[in-house]
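Okay, so here's the structure we're looking at.
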Amino acid sequence: MAGTKSKKPSALSKLYLASYNLGQTLGWSYILYLIIQYYINPFHNTLWDKTQLPVIIFQNAAALEIIHAAIGLVPSNVITTTIQVWSRMMVVVGVILATPDTYAAASPGLPLALIAWSITEIIRYFYYFTNLIGITPHILVWLRYTSFIILYPIGVTGELLCFYAAIQYSNANPDSWSYILPNKWNFTFSYLYVLIGVMLAYIPLFPHLYLHMFTQRRKMLNPNVSAKKAH
């Protein structure tokens with residue numbers, strides 16, 4: 001994420017952030033473990049049944065990152081952070097939980113999204129944790145700024161497939177999660193149009209975020225080259 005603030009966190013803030021990032025690392029590691037367990041023995045549960053609770057907990061806990069950025073606790077761009085966090089929360093809460101298990105939860109997009117998310121987040125949060133305690137191995141830096149090349153497109157593909165499954169549900173059930181005219185408030189809300197709108201938003205937003213990560217990759221893995229260009 002783009003740095004916009006240079007204020008260093010206090011010792012108490014660093015302790016909180018280290019605890020948060022370590023907790024998220026362990027949480028997503030547990031989710032990845034559950035995914036592996038599911039594919040070893042997939043006969044008793046669906047993937048969503050097996051991972052639902054920890055995904056809801058640890059993905060929604062990422063909303064704290066918007067607050068961290070907003071109050072200057074971390075040097076992250078608030079808008080970029082909001083887009084990244086909100087898009088995943090929309091998939092979990094507004095798509096998977098909002099539709100019957102035979103739609104988004106049964107979509108081939110779910111395993112793609114969960115596998116990409118869990119690996120990405122294990123690397124990302126552990127990278128932040130090691131930065132805070134002052135020992136970041138180079139291999140972790142390399143993984144943080146290289147693994148996204150494959151994992152981001154896989155994750156986005158999974159998310160869009162989940163959205164597509166929710167659109168199929170909304171087409172079959174047009175009144176679900178929608179508020180249709182006429183009504184006493186003279187107001188209409190279409191769940192279907194929201195889903196379509198969010199999917200269309202991926203067209204400009206994903207390339208922007210993806211290319212931003214390549215910019216960050218050049219800065220982190222080739223700092224000398226970046227410094228020469230700055231001069």
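Roughly how big is the stretch 11-230's charge dipole about its Cα centre, with Cβ charges of +1 (Lys, Arg) and -1 (Asp, Glu), in debye to the nearest 20?
The dipole of the stretch 11-230 has a size of about 880 debye.
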The ³J(HN,Hα) series, computed from each phi in the stretch 81-91 with the Karplus coefficients 6.51, -1.76 and 1.60 at θ = phi - 60°, rounded to the nearest Hz and given as x for glycine or proline, is 4, 4, 4, 5, 6, 4, 4, 6, 4, 5, 5
Here the relative contact order (percent) of the stretch 1-135, from C-alpha pairs under 8 Å and at least 6 apart, is 43 percent
What nm value, rounded to one decimal, do you get for the distance between residue 157 and residue 133 when each label is placed 7 Å out toward the C-beta? 3.5 nm
Calculate the all-directions average of the projected area of the chain's alpha-carbon convex hull, and give it in nm². 15.5 nm²
So what are the ³J(HN,Hα) numbers for the stretch 189-200, from phi and the Karplus equation (6.51, -1.76, 1.60; θ = phi - 60°), rounded to whole Hz, Gly and Pro as x? 9, 10, 4, 4, 5, 5, 4, 5, x, 5, 4, 5
Quick one: go through the stretch 98-132 and flag any residue whose amide nitrogen is under 14 Å from the point 7 Å out along the Cα-to-Cβ line of residue 46. 98-111
Based solely on its DSSP helices, what 222 nm [θ] is calculated for the chain when runs of n ≥ 4 H residues each add -39,500 (n - 2.57) and the sum is averaged over all residues, nearest 500 deg cm²/dmol? -23000 deg cm²/dmol
The extension gain from residue 10 to residue 200, computed as 0.36 nm times the residue separation minus the Cα-Cα distance, is 64.3 nm
GNM top mover of 177, 142, 185 - the chain, alpha-carbon springs below 10 Å: 185
Is the stretch 66-142 rounded, prolate or oblate when judged by the Cα gyration tensor, a ≥ b ≥ c being the square roots of its eigenvalues, rounded requiring a/c under 1.5 and prolate requiring a/b larger than b/c? oblate
Which of the aspartates and glutamates could be linked to residue 14 by a straight reach, that is with a Cα gap under 17 Å, when you skip same-chain ones fewer than 8 residues away? 65
Could you work out how far the C-alpha centroid of the stretch 6-66 sits from that of the stretch 136-193, in angstrom? 19 Å
If you plug each phi of the stretch 112-125 into the Karplus form 6.51 cos²θ - 1.76 cosθ + 1.60 with θ = phi - 60°, what whole-Hz ³J(HN,Hα) values come out, in order, with x for Gly and Pro? 4, 5, 5, 5, 5, 4, 5, 5, 4, 6, 4, 5, 5, 5
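What FRET efficiency comes out for residue 83 versus residue 178 if R0 is 25 angstrom and r is the Cβ-Cβ distance? Round to the nearest 0.05.
Working from the Cβ atoms, E equals 0.50.
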In percent, how large is the relative contact order of the stretch 11-230, given Cα pairs closer than 8 Å and 6 or more residues apart? 21 percent
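Read the figures in this text as sums done on the coordinates, not as results from a lab. Predicted, not measured: the structure shown is a model, and the values here were computed from it. Cβ sites come from the backbone with ideal geometry, for glycine too, and all protein chains shown count toward neighbours.
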